[in-house]
Amino acid sequence: MCKVEALLKLKRLNEAQTELAFVPKVEPYASPWPASFSQSQTRFFDMNPGAYTIFVKSQMDLALGRFDDAASAVTEALEVDPQNTEIKILKTNVELIQRAVSYSKLEKWDEAVRDYEMITEALPYDKAIAKTLSQAKLALKLHTSWVA
């Protein structure tokens, strides 16, 4: 999973997707540890191991523009590790992206631009979000000049 996450950060999505296909399916609620060992004590990058797997899948879905799948996966990761701040932040970002996309489809450009600006602040390295923000700003400008 670490390799998949590293490839995602490097924007090598095809390789990351291929690697993700080889990650064994893990039941997030089943403990791979002996009964005497508490899974709650086990952390992987400060995350429950089952949650980490789902978290990385959510990142992959987000990178590929599968926002509904990303939302489902991050919600599941949060159920497994409800106190994890990194998962909470990703969930907020996914929800903002979903809302911005919805506003764009409804041609509510003011709201779309506002949400894309918040996402851009949270994810300044994401060129796709920056491009979408520019497109929403242009649509807002065109809509405003057309209405006036």
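The single condition from (1) of a type outside the set (D, E, K, R); (2) surrounded by 14 or more Cβ atoms within 10 Å (Cβ to Cβ); (3) assigned to a loop (DSSP other than H, G, I, E, B) that residue 100 fails is (3).
Does residue 112 satisfy the condition of being more than 17 Å from residue 61 (Cβ to Cβ), at pLDDT below 95, assigned to a helix (DSSP H, G or I) and of a type in the set (Gly, Ala, Ser)?
Details: more than 17 Å from residue 61 (Cβ to Cβ): yes; at pLDDT below 95: no; assigned to a helix (DSSP H, G or I): yes; of a type in the set (Gly, Ala, Ser): yes.
It is false that residue 112 is more than 17 Å from residue 61 (Cβ to Cβ), at pLDDT below 95, assigned to a helix (DSSP H, G or I) and of a type in the set (Gly, Ala, Ser).
Examine the range 133-148 for a residue that is of a type in the set (D, E, K, R), free of Cβ contacts under 8 Å to residues at least 24 places away in the same chain and buried (at least 16 other Cβ atoms within 10 Å of the Cβ), and state whether such a residue exists. Looking through the range 133-148, none of the residues is of a type in the set (D, E, K, R), free of Cβ contacts under 8 Å to residues at least 24 places away in the same chain and buried (at least 16 other Cβ atoms within 10 Å of the Cβ).
The values are calculated or read from the model by the stated rules, or taken from the named source; none is laboratory data. Quick caveat: nothing in here was measured; it's all calculated off a predicted structure. Neighbour counts run over all protein chains shown; Cβ positions are idealised from the backbone, glycine included.
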